[in-house]
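S.K.: Quick one: structure below, then a few questions.
Just so it is clear, none of the values below were taken in a lab; they were calculated from the coordinates. Everything quoted here is computed from the prediction, not taken from an experiment. Please note: Cβ atoms are built from the backbone with ideal geometry, for glycine as well, and neighbour counts cover all protein chains shown.
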Amino acid sequence: MTEVYKEYADALYEIAAEQGREREVYEGLELVAKLFAENPEYKDLLSSRSLSGTERNQVLEDAFGGKIPEELLSFLMLLGDKRRIREFDRCRTEYDLLYHNYMHQTTVLIKSAVPLGDDEKKRLQEAMSKRLNKEPLMQYQVDPALLGGIIVEYDGIVLDGSLRHRIKDLKEVITQ
């Protein structure tokens, strides 16, 4: 069964794609997400049963009118009307996946015990580009608990080359 947020995101993406405005909607979603993150009470207000649909739409129009694509504003109004504004983050995440897939991009998270140097980052980006046949959108995270090595995560796949993982594997072999 399809999750409701996926259906909403798919519909938004289809509308954006029909008009060739995928990037504008993507950027608009980022702007809305930033506002929601900076003002968490804003979602509470938009979810409030004390606001009528007209009032909710006016609040959205005042906040975003002329700042985001009209299709996205209508989408937010629909989420508000259906009392699904709390699903916004999940809709945005799903739209991001659709957009990056269309752009032949994928997010790659690299976790390392220490910060990586520019040369290491460049080599990793080139290796991931060849492996994925997509443009990797690299994100880096330092996790001292790894002790050494790296963990690479992309498209639901985890490649664990950490020292911690190797030690765990070694322990399992020794205890058998």
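S.K.: Select from region 8-95 those trypsin sites (Lys or Arg not before Pro) which occupy a DSSP coil region and have at most 14 other Cβ atoms within 10 Å, ordered by residue number.
M.R.: Values: sites: R21, R23, K34, K43, R49, R56, K67, K82, R83, R84, R86, R90, R92; in loops: R21, R49, K67, K82, R83, R84.
Here the sparse-neighbourhood loop sites are R49, K67, K82, R83.
S.K.: Let me ask something else about it. With charges only on Cβ, +1 for K and R and -1 for D and E, what is the dipole size of the chain about its Cα centre, in debye, rounded to 20?
M.R.: On the way: 25 positive and 33 negative charges, 137 e Å.
Here the size comes out at about 660 debye.
S.K.: Something else: Work out from phi, with θ = phi - 60° and the Karplus expression 6.51 cos²θ - 1.76 cosθ + 1.60, the ³J(HN,Hα) of each residue of region 79-93, listed in order in whole Hz, and give x for Gly and Pro.
M.R.: These are the phi-based 3J(HN,Hα) values: 4, x, 4, 8, 6, 10, 4, 5, 7, 3, 4, 5, 4, 4, 4 Hz.
S.K.: How long are the semi-axes of the equivalent ellipsoid of the chain, taking √(5λ) for every eigenvalue λ of the Cα gyration tensor, in whole Å from largest down? Write out the running numbers ahead of the final one.
M.R.: Values: eigenvalues 315, 74, 46 Å².
Result for the chain: semi-axes of 40, 19, 15 Å.
S.K.: How much mean residue ellipticity at 222 nm does the chain get from its helices, if each DSSP H run of length 4 or more adds -39500 (n - 2.57) and you divide by all residues, to the nearest 500 deg cm²/dmol? Show your work: numbers first, answer last.
M.R.: On the way: 8 runs with 106 residues, N = 176.
Result for the chain: -19000 deg cm²/dmol, rounded to the nearest 500.
S.K.: May I pose another question? Given N residues in region 4-101, what is Rg(Cα) / (2.2 N^0.38 Å)? Before the final figure, lay out each step's value.
M.R.: Details: Rg = 12.5 Å, N = 98, 2.2 N^0.38 = 12.6 Å.
Dividing the Cα radius of gyration by 2.2 N^0.38 Å gives 1.00.
S.K.: How would region 105-175 be classified by its alpha-carbon gyration tensor: rounded, prolate or oblate, with rounded meaning a/c under 1.5 and the a/b versus b/c comparison settling the rest? Before the final figure, lay out the partial values.
M.R.: Numbers: a/c = 2.54, a/b = 1.70, b/c = 1.50.
Since a/c reaches 1.5 and a/b is larger than b/c, the shape of region 105-175 is classed as prolate.
S.K.: For the chain, calculate the relative contact order in percent as a whole number, restricting contacts to Cα pairs under 8 Å that are 6 or more residues apart.
M.R.: Numbers: 184 pairs, mean separation 35.8, N = 176.
Computed value for the chain: 20 percent relative contact order.
S.K.: Once you've got the Cα coordinates, tell me which of K6/K121; K34/K130; K111/K168 are over 23 Å apart. It would help to have the intermediate numbers written out before the result.
M.R.: Values: K6/K121 33 Å; K34/K130 33 Å; K111/K168 18 Å.
Checking Cα-Cα distances, K6/K121; K34/K130 exceed 23 Å.
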